[in-house]
Amino acid sequence: MLKAYFIHIISRLSRIRYHMSDSCIFCRIVSGESTAEIVHRDDQVTAFRDIHPVGPTHILIVPNRHVESVNTLESADEQWMGHIFTVARKIAHEDGISRGGYRLIINTGIDGGQTVFHLHVHLIGGGRMKHPMG
Ligand code: 5GP
Ligand code: ZN
């Protein structure tokens, strides 16, 4: 009982710290309230495997702070946006897809195919991609 209350308080505090949204599934994964296969976590970003992978490797890299999409980015976000790419490089290396190559995708808005409105970079690899895109 006391333990559950303690976990609730910790998760509340981390939500306040990262401006998280109660209703956002990726905020819930970042805070640990929802489960996902986490492959990387630091003070700026979290990476986890996509629930419906479209390739052998399909990882989502998200800011810990709730940011809706590229449309709502501000200049203060440039630091972690750059960091996302070095995290992508590290994960690609760990998943063994660096040599073969991979694709990084940021869907933005309805026309861009975005379905979860917490900015995320898809890291997809492990097979030859098809062209053209779109
Ligand atoms: P979007 O279409 O917004 O670019 O991508 C959203 C991605 O999030 C999709 O590939 C979808 O499979 C993934 N996704 C949605 N809900 C969950 C979830 O609860 N857990 C995980 N791991 N991935 C999710
Ligand atoms: Zn969120």
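Axis of helix 2-17 versus longest Cα principal axis of the chain: the two differ by about 60°, to the nearest ten degrees.
Spin-label pair Lys90-Ser34: with each label point 7 Å from Cα along the Cα-Cβ axis, the two points sit 2.4 nm from one another. For the chain, modelled as a GNM whose springs connect Cα atoms under 10 angstrom apart, the maximal fluctuation among Val121, Val62, Val54 occurs at Val54.
Based on every Cα atom in segment 36-125, Rg and the maximum pairwise Cα distance Dmax equal 12.5, 34 Å. Here the Gaussian network model covers the chain, with springs between Cα atoms less than 10 Å apart; of Asp77, Asp42, Asp111, Asp111 fluctuates the most. So which GluC sites (Glu not before Pro) in segment 24-80 end up in coil per DSSP with only 14 or fewer other C-beta atoms within 10 Å? Sparse-neighbourhood loop GluC sites (Glu not before Pro): Glu37, Glu74. Taking each residue as 0.36 nm, the span from Ile105 to Asn71 lengthens on full extension beyond its C-alpha to C-alpha distance by 10.7 nm. Annotation: average projected area of segment 72-134 is 5.2 square nanometres, based on the convex hull of Cα atoms across all directions. The stretch between Asp22 and Gln79, if pulled fully straight at 0.36 nm per residue, gains 18.0 nm over its current Cα-Cα span. Approximating the spin labels as points 7 Å out from Cα along Cα→Cβ, the Ile51-to-Met133 distance works out to 2.5 nm. GNM on the chain, alpha-carbon springs under 10 angstrom: the most fluctuating residue among Ala36, Ala47, Ala88 is Ala36.
Just so you know, all these numbers are worked out from the coordinates, no wet-lab data involved. Computed from a prediction, not measured in an experiment: that's the story for all the values here. Don't worry about glycine lacking a Cβ; one is built from the backbone with ideal geometry, like all the others, and counts go over all protein chains shown.
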